[in-house]
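K.L.:
Before I ask anything, let me first share the structure, which is written out below as structure tokens.
The values are calculated or read from the model by the stated rules, or taken from the named source; none is laboratory data. Everything quoted here is computed from the prediction, not taken from an experiment. No Cβ is skipped: glycine too gets one built from the backbone with ideal geometry, and neighbour counts run over all protein chains shown.
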Amino acid sequence: MSAPAIPRAVRERTLLRSLSLVIVGGLLIALITGALSSYRNLQLAYGGYYFAALAGLTVLAGLSGQISLGHGALMAVGAYTSGLLIGNEGWALVPALVAAAGVSAIIGIPLGLAASRLRGPYLAGATLAFAVGLPALADKFPSTFGGENGLTINPSMPPSWLGSNFALERWEAWIACACALIVLFVLYNLVHSGVGRSLRAVRDDEIAASLCGLHVGRNQTVAFVVSAACAGLGGGVFTVVNQLAAPGSFQVQLSLYLLAGVVIGGLGSLVGAIWGAALLVFLPNWTTDLANSFSLSTNVSHNLPLAIYGVVLIAAMLLWPSGIQGGFRSLGSWLWHRRGRRSRSPGAPADRPSAAS
Amino acid sequence: MESRELPGAAHRLSVEDVTVSFGGIRALDRVSVEVSTGEVLGVIGPNGAGKTTLFNVICGFVAPDAGTLSWRGKTLHRIRPHRLSSLGIARTLQGVGLFGRMTVLENVMVGAQHFRRAGIASAMVALPRSDKDERDLRDRALATLAELDCAGIADRLPGTLPFAVQKRVALARALVAEPELLLLDEPAGGLGADELTELRGVIERIGREIAVMVVEHHMDLVMSVCDRVVVLDFGRVIAAGDPAAIKSDPRVLEAYLGREAEGPEALTAAEAGNAGRP
Ligand SMILES: Nc1ncnc2c1ncn2[C@@H]1O[C@H](COP(=O)(O)OP(=O)(O)O)[C@@H](O)[C@H]1O
Ligand SMILES: [Mg+2]
């Protein structure tokens, strides 16, 4: 956002900016999905629900400085909520997705309260325990949650006004991307409001923040709940797109992948969450191809994605500590300075590592 | 806990018989102090005397074992730090305590955040009133920065600024809340001669309008800006009065000289190590 040419009227109207983002994004998606194959549309839909969860997580980790290894489980909460409501109760799509976000937010309250009392490794441990423990519930109550097989629902068909030959996958991509855009809208607004600034203040110095009138625990809990709602919405969409919510999809690895996606994309950056989502969609394919081309045993190939994530994560943290988006940003400002614009203040220009751009 | 005061009500803080122990250490022992609007109260004493602890009690970071605090004529029961700014109390921390990854402007805007009116729901959907809050906070922050000659550095990160300038930003962050009582914990620490002169001017100016409590080692500063001085030693008030009287009080000289045997260098080094964090 270092480009100085943004008119004041736009700069000072958050709604104008976030709404333009959503409209441009929506139009692009409407157009692009028409040109994509069914398979690519499905991948776009995967990207949409991953983005929702990743965006929530990146705001939590980057802005409020809290680490969660439990977001995979929060996705599961949303996935099972929409699965139960659509499959068993016959709810319509929109209310079921709202409920998925809502139930995850409610589960996020006790988690967030606990999180606001825990720091660093203790917080990581507590959320990890949640991620490990929750999928076991599906086995505990097989009659409700369908045990190992999970819940299956019928596909959400495209509405008739879109025409009879509108592809199901394109419709699913629309649903997922619409949810992703809603998440983008809300989080963009939050990040650029006083709420976002308060979260960053609490992250940087809790004592100074409380002397400025901020309730540290309340701010941290709010961040956790908002983030949980985003993950829940992502999970709700997961069930709609895959027509299945099963424990196998929400193992603890998912939480690790999400965190890795956020770190690699760029902590605190909403654009970084797009990179993270792309990574989560494409990496499993690449690793499978890799495993096949080396004809590795299934035992090895099953664990290959996790191993590759580990390697990429370590490499990213060493080489590009601010993630892909941070790398692009520093590349951008480097190019900007090379154009001879040295008229800015001599010290480091205030490049905000945490504000999403 | 508080309500907006009636006009003419006592604008003052009084600390009565406050005692604080940390394990075996009596950090404060039946300490009573008062400060009124338009007054600058100096709190001095050797390292470890309990000065920061006194501030921590006033700010609610440390609950006193005994004693009461009252503010504008009302007893404060349980003080919670995040309520202070809306009570009209602001504090700077020993050291700097700025938000390191936020610009100077943002730092000061956080200081003004109790003026925010819009809630999280308006922020989520970016209602105009959320933007209006932002403009209001930005205007307040820029005005306060300008008052302290910091307008030119609004977009800088604190870490890129000289220490003395960082301290001025921290002061701006406290002042932007428009407090009626300002607690300054070692504002002169690490400042050079010119910066001290500036600080003296600032404290004198603020001190005419609101109540100020200053913890400070720098005797020249204390003697020139304070209307009254309280001396703490081993958690006790050993003397109180106007600066001239304090300067020649034998008990004060003894408290300082007794400690001075350790060498003034050792004293300042220990003080710097004790970040003064609650
Ligand atoms: N949180 C704490 N826990 C234990 N002891 C403390 C704590 N805070 C201060 N003390 C002790 O209380 C005494 C007074 O400390 P402090 O108020 O920081 O002194 P000053 O600011 O006058 O140098 C010291 O002996 C210090 O070690
Ligand atoms: Mg101290």
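K.L.:
Which residues, counting only those in the range B:94-104, are more than 18 Å from the chain's Cα centre (by Cα) and either without any contact (Cβ under 8 Å) to a residue 40 or more places away in the chain or outside any helix (DSSP H, G or I) (or both)?
P.N.:
Answer for the range B:94-104, where residues must be more than 18 Å from the chain's Cα centre (by Cα) and either without any contact (Cβ under 8 Å) to a residue 40 or more places away in the chain or outside any helix (DSSP H, G or I) (or both): B:Gly100, B:Arg101, B:Met102, B:Thr103.
K.L.:
For the range B:105-223, please list each of the helices (runs of 4 or more DSSP H) lying entirely inside it that holds at least 3 residues being polar (S, T, N, Q).
P.N.:
Filter on the range B:105-223 gives an empty set.
Listed here are the residues, each with its yes/no results for (1) away from ligand 1 (no atom under 16 Å from the Cβ); (2) modelled with pLDDT of 90 or more; (3) under 17 Å from the mean Cα position of the chain (by Cα).
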{"site": "B:Glu186", "(1), (2), (3)": "no, yes, yes"}
{"site": "B:Asp220", "(1), (2), (3)": "yes, no, no"}
{"site": "B:Ile238", "(1), (2), (3)": "no, yes, no"}
{"site": "B:Gly241", "(1), (2), (3)": "yes, yes, no"}
{"site": "B:Lys247", "(1), (2), (3)": "yes, no, no"}
{"site": "B:Ala255", "(1), (2), (3)": "no, no, no"}
{"site": "B:Ala261", "(1), (2), (3)": "yes, no, no"}
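K.L.:
Evaluate the following for B:Arg80: is it more than 16 Å from ligand 1 (Cβ to nearest atom) and within 14 Å of another protein chain (Cβ to nearest Cβ)?
P.N.:
Yes: the conditions hold for B:Arg80.
K.L.:
Can you tell me which of A:Ser82, A:Ser68 is outside any helix (DSSP H, G or I) and either surrounded by 22 or more Cβ atoms within 10 Å (Cβ to Cβ) or not charged (D, E, K, R) (or both)?
P.N.:
A:Ser68
K.L.:
Can you tell me which residue in the range A:86-123 is nearest to A:Asp204 (Cα to Cα), limited to those that are modelled with pLDDT under 90 and either outside the structural domain of A:Ala176 (by TED's automatic domain parsing) or surrounded by 18 or more Cβ atoms within 10 Å (Cβ to Cβ) (or both)?
P.N.:
Going through the qualifying residues, I end up with A:Ser116.
K.L.:
Looking at (1) within 9 Å of ligand 1 (Cβ to nearest atom); (2) modelled with pLDDT of 95 or more, can you tell me which one B:Thr52 breaks?
P.N.:
Single failed check for B:Thr52: (2).
K.L.:
Take the residues of the range B:91-110 that are closer than 17 Å to B:Asn56 by Cβ and at the interface with chain A (Cβ under 7 Å from one of its Cβ atoms): which is farthest from ligand 1 (Cβ to nearest atom)?
P.N.:
B:Gly97
K.L.:
If B:Gln113 satisfies all but one of (1) out of contact with any helix residue (DSSP H, G or I) (no Cβ under 6 Å at 6 or more places or on another chain); (2) modelled with pLDDT under 95; (3) more than 8 Å from chain A (Cβ to nearest Cβ), what's the number of the condition it fails?
P.N.:
(3)
K.L.:
For B:Val222, which of the numbered conditions (1) crowded, with 19+ Cβ neighbours inside 10 Å; (2) away from every other protein chain (no Cβ under 14 Å); (3) away from ligand 2 (no atom under 16 Å from the Cβ) fails to hold?
P.N.:
B:Val222 satisfies all of (1) crowded, with 19+ Cβ neighbours inside 10 Å; (2) away from every other protein chain (no Cβ under 14 Å); (3) away from ligand 2 (no atom under 16 Å from the Cβ) except (3).
K.L.:
Do the conditions hold for B:Arg129, that is, is it modelled with pLDDT under 95, under 13 Å from A:Arg197 (Cβ atoms) and either of a type outside the set (A, V, I, L, M, F, W, C) or outside the structural domain of B:Val202 (by TED's automatic domain parsing) (or both)?
P.N.:
So B:Arg129 does not fit the description; no.
K.L.:
Kindly evaluate A:Val300 against the criterion of being at pLDDT below 75 and loosely packed, with under 14 Cβ neighbours inside 10 Å.
P.N.:
Answer is yes for this residue.
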